[in-house]
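A.B. asks: My structure is below; once you've seen it, I'll send some questions.
We did not get these values from a lab; they are worked out from the coordinates using the rules stated. None of these values were measured; they are calculated from a predicted model. Backbone-built Cβ (ideal geometry, glycine too); neighbour counts: all protein chains shown.
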Amino acid sequence: MLSVSALRVAGRHGDLVPPTSFDAAPGELTLVRGDGQEHRTALALAATGRCAPSSGTVRWGAPQASARRDLRALRRVSAIVDAPEVNEAELHLRVRDLVAEDLALLPRRYRGPVRPEAWLTVNAFADIEGEWAQDLPAARRTELLTALALANPETALLVLDSPDRHTDDPSAWLPFLAATAARAGRPIAVVAVVGDVPDGWAGPTAEIGNAVQHDAEDAVLTEVPA
């Protein structure tokens, strides 16, 4: 399970991620809502161990001997998906080239002799191999980038950065991500950091900054009258 407790990421002129807490369990899709793309991307980076928190904790599973080990363990099992200016599909890449690049980044023991064309066929993406990656419809984009993240057998946590920025229709990504989390034989903890939680969603949700008020209340309770 991913456990995020009062996680805060400081920025140059304020908090990129104000104190935020949530859990994400294998087999479930968790939606975390936040205003501002920079805040959503910062949370996605911190929740996958790519960015060390300024305060608070983030870890996968049982606590390690140190925060540094927690982050190292988290990075090993997590993948950040489609983060703007981090690892979103680049303008100049066709799908087959994007797949070739991503497969080349797999840990050496998992690379094998698989050619991009074979991977695209096996994973039912042969019909789009010649398309520009940036021009894919929202649903196919999310499906492709998620499948590439899961090409690493060690991946147990996916954090998608703003899948709703590509479309106003949540059916293009919400059912797919929920099904990905609950897939038989390989349950995945899936977190989608979004601008808005779709109407009718009854699964786990959280809000960036949801621990700010809690911290303030704790501070009041610990004040000692003069």
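A.B. asks: Cut-off 13 Å, label point 7 angstrom out along Cα-to-Cβ of residue 67: give me the residues of the range 2-39 whose amide nitrogen falls inside.
C.D. replies: In the range 2-39, the label zone of residue 67 (backbone N under 13 Å from the point 7 Å along Cα→Cβ) covers 5-10.
A.B. asks: Round to the nearest 0.05 the FRET efficiency obtained for residue 38 and residue 196 when R0 = 22 Å and r is the Cβ-Cβ distance. Don't skip to the answer; put the middle values down first.
C.D. replies: Values: r = 17 Å, r/R0 = 0.77.
After rounding, the FRET efficiency stands at 0.85.
A.B. asks: Taking the Cα centre of each part, how many Å lie between the range 153-198 and the range 99-126?
C.D. replies: Cα centroid to Cα centroid, the span is 21 Å.
A.B. asks: If you look at just the Cα atoms of the chain, how large are its Rg and its Dmax in Å?
C.D. replies: When restricted to the Cα atoms of the chain, Rg and Dmax are 18.4, 73 Å.
A.B. asks: For the chain, what is the mean residue ellipticity at 222 nm derived from helices alone (per DSSP H run of n ≥ 4: -39500 (n - 2.57); sum divided by total residues; nearest 500 deg cm²/dmol)?
C.D. replies: Roughly -9000 deg cm²/dmol at 222 nm, from the helical runs in the chain.
A.B. asks: Rounded if a/c is under 1.5, else prolate if a/b is larger than b/c, else oblate: which is the range 77-116, with a ≥ b ≥ c the root eigenvalues of its Cα gyration tensor? Please list the in-between numbers first.
C.D. replies: Numbers: a/c = 3.42, a/b = 1.29, b/c = 2.66.
In terms of gyration-tensor shape, oblate.
A.B. asks: Calculate log10 I(q)/I(0) of the range 69-153 for q = 0.13, 0.18 Å⁻¹, where I(q) comes from the Debye formula with a single equal point scatterer on each Cα and nothing for solvent.
C.D. replies: Log10 I(q)/I(0), no solvent term: -0.41, -0.78.
A.B. asks: Rounded to a whole number, what is D in µm²/s for the range 113-206 from Stokes-Einstein with the Kirkwood radius over alpha-carbon pairs (10 °C, 1.306 mPa s)?
C.D. replies: Details: Rh = 14.4 Å.
D, rounded to a whole number, is 110 µm²/s.
A.B. asks: Also, I was wondering about something else. Could you work out the relative contact order of the range 68-173? I mean the mean sequence separation of Cα pairs under 8 Å and 6+ apart, divided by the number of residues, in percent.
C.D. replies: 42
A.B. asks: Whose amide H sits under 5 Å from the amide H of residue 30, counting only residues 5 or more places off or on another chain, with H placed in the peptide plane?
C.D. replies: 190, 191, 192
A.B. asks: With every atom except the alpha carbons ignored, what do you get for Rg and Dmax of the range 1-125, in angstroms?
C.D. replies: Using the Cα atoms of the range 1-125, the pair Rg, Dmax is 16.8, 48 Å.
A.B. asks: Something else: Could you compute how fast the range 13-71 diffuses translationally, taking Rh as the Kirkwood radius over C-alpha pairs and applying Stokes-Einstein at 4 °C with viscosity 1.567 mPa s? Give it in µm² per second. It would help to have the intermediate numbers written out before the result.
C.D. replies: On the way: Rh = 12.6 Å.
Reported coefficient: 103 µm²/s.
A.B. asks: For the peptides 36-42, 124-130, what is the packing order when you average, over each peptide's residues, the other Cβ atoms within 10 Å and list the highest mean first?
C.D. replies: Packing order, densest peptide first, comes out as 36-42, 124-130.
A.B. asks: Rank by packing, highest mean first: peptides 133-140, 28-35, with packing defined as the count of other Cβ atoms within 10 Å averaged across residues.
C.D. replies: Ranked from most to least packed, the peptides come out as 28-35, 133-140.
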